[in-house]
Amino acid sequence: MTALKLLLGTKNPDKAKEIQAIFGDSVTLLSGDDHPFADVEEDGDTLEANARKKATEISKETGLAVLSEDTGLEVDFLKGAPGVYSARYAGEEATYQDNVDKLLDALKGESKRQAHFRCVCVVVFPDGQELISAGQLNGQITTNARGRDGFGYDPIFLPDGFSKTLAEVPTSLKNQISHRSKALRAMKAQLDKHMA
Ligand code: ITT
């Protein structure tokens, strides 16, 4: 049986690497380098809306089945912020470091530091059919950044049950426990059913 082909509808190379590592050879992921697509404005109010919008628009543009995802870090003390605004928490052109600094500042002196990453994946097929899945990783925001692996908010995220941040553990371990791996594994199960 030939592997399912999906265009990876993300412009974030850090995410793309993780998705490739999690899916392995079980799905053939096509790249935006070979199938270019325009930027999609992420103006939805929810992770679901943004993931769906990205997959739908990129599928329409390319005529391919597309996997997109939207991820947010939801901090309890901040009533779920930065959430859907995680990429631009410190401004439109914010770097990972800017966002991390702003979040550490917002939680300065605060002992309530529970948070979770939530990832929503959407696959849209050229005929408009759609599959959706989600994954969550619970943890705490540290008081300072630790570690060099991972990306985004990983250096300040301590998963429950771990004494190291997501940036201090090997990416292979992050990919076993992460919000993204949970959402992608759930998506893979749906894809297998869909293709059967
Ligand atoms: P695409 O929309 O092109 O996929 P993006 O970087 O805009 O890429 P998101 O809106 O989903 O993607 O990501 C929001 C931000 O959340 C992202 O820029 C990172 O700062 C952060 N983020 C996402 N996944 C993360 C992870 O696994 N670990 C740490 N931070 C993460």
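Quick notes
- Per-residue packing, averaged as other Cβ atoms within 10 Å, sorts the ranges 150-158, 123-131 into the order 150-158, 123-131, beginning with the highest.
- Computed over the alpha-carbon pairs of segment 56-117, the distance histogram in 5 Å steps reads 4, 17, 21, 19, 12, 10, 8, 5, 3, 1, 0 percent, short to long.
- What the Cα atoms of the chain give is an Rg and a Dmax of 16.7, 56 Å.
- Accessible area expressed per residue, the chain, with surrounding protein chains retained (probe 1.4 Å, Å²): 51 Å²
- Neighbour-limited loop hits for trypsin sites (Lys or Arg not before Pro), segment 58-119 (at most 16 other Cβ within 10 Å; DSSP other than H, G, I, E, B): 79, 108, 112, 113
- Placing one equal scatterer on every Cα of segment 1-98 and applying the Debye formula, the log10 ratio I(q)/I(0) at q = 0.14, 0.19, 0.20 Å⁻¹ is -0.59, -0.99, -1.06.
- For the chain, the longest principal axis of the alpha carbon atoms and the long axis of helix 47-62 meet at an angle near 30°.
- Straightening the chain between residue 3 and residue 81 buys 24.3 nm, computed as 0.36 nm per residue apart minus the Cα-Cα spacing.
- Highest mean packing comes first when the peptides 6-16, 168-178, 20-30 are listed by Cβ atoms within 10 Å, giving 6-16, 168-178, 20-30.
- Values of log10 I(q)/I(0) for segment 126-181 across q = 0.12, 0.14, 0.27, 0.31 Å⁻¹ run -0.32, -0.41, -1.09, -1.36, by the Debye formula with one identical scatterer at each alpha carbon and no solvent.
- Counting 0.36 nm for each residue step from residue 144 to residue 160 and taking away their Cα separation leaves a gain of 4.1 nm.
The values are calculated or read from the model by the stated rules, or taken from the named source; none is laboratory data. None of the values given here were measured: they were computed from a predicted structure. Heads up, the Cβs are rebuilt from the backbone with ideal geometry, glycines too, and the neighbour counts pull from every protein chain shown. Quick note on the areas: whole protein, heavy atoms, side chains included, nothing else; ligands and nucleic acids left out. Shrake-Rupley method; radii C 1.70, N 1.55, O 1.52, S 1.80 Å.
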